[in-house]
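Before any comments, here is the structure.
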Amino acid sequence: MSEKQTTLVLIKPDGVRRGLVGQILARIETKGYLLDDIRMVQASEEQLATHYHELVNKPFYPGIVRYMTSGPLVALRVSGHRVIEGVRALSGATDPTTAAAGTIRGDYGYDTGSDAIENLIHSSDSPQSAEHELAVWF
Ligand code: UDP
Ligand code: MG
């Protein structure tokens, strides 16, 4: 049965800075997912606190804010059958040092050792998260 979903993807500031927007977008489009909307955004602390509401009390949260405000990011609205788990699979594990080769984080991600894990891409992990996060960026 068709299960059309919509998800939020962020190409994080390291991805923009390193000129990887095209290659990351190509992975998503080549897989077959549809790009519904795209915008470049300089994230505010308010947007990040809403987007990362589950992490605001973690000790590494200030590092996330520094990382995610270090330059513009690119927000994508992407849709397709089972796109939420599909883009998570394309993205790979959180830690780019050990993320599987063949994934976006595994192939392009480079952890600089800064206080936040720099890993190029965010994607929603459930339909509820997608709805919440899409409202932050679009
Ligand atoms: N993060 C971090 N340190 C940690 C855990 C997470 O800097 O110990 C950052 C990292 O950039 C990650 C984001 O916070 O992508 C969100 O964390 P989550 O555990 O939800 O990972 P994701 O879903 O992005 O794989
Ligand atoms: Mg997450």
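Every number here is computed from the coordinates shown, using simple stated rules; none is lab data. As the structure is a computational prediction, the values presented were derived from the model and not from experiment. Neighbour counts run over all protein chains shown; Cβ positions are idealised from the backbone, glycine included.
There is no residue in the stretch 72-87 that is on the phi < 0 side of the Ramachandran plot, touching a helix residue (DSSP H, G or I) at 6+ places or on another chain (Cβ under 8 Å) and of a type in the set (S, T, N, Q). Of the residues making up the stretch 107-136, those that are of a type in the set (S, T, N, Q), more than 21 Å from Leu76 (Cα to Cα) and within 9 Å of ligand 1 (Cβ to nearest atom) number 1.
Filtered by the rule that a residue be aliphatic (A, V, I, L, M) and within 11 Å of ligand 2 (Cβ to nearest atom), the stretch 45-61 gives a lone residue, Leu55. Scanning the stretch 57-106 for residues that are hydrophobic (A, V, I, L, M, F, W, C), within 11 Å of ligand 1 (Cβ to nearest atom) and either surrounded by fewer than 14 Cβ atoms within 10 Å (Cβ to Cβ) or part of a strand (DSSP E or B) (or both) gives a single hit, Phe60. Looking at the stretch 22-56, which of its residues are of a type in the set (Val, Ile, Thr), touching a residue at least 40 places away in the same chain (Cβ under 8 Å) and surrounded by fewer than 19 Cβ atoms within 10 Å (Cβ to Cβ)? Matches in the stretch 22-56: Val41, Thr50.
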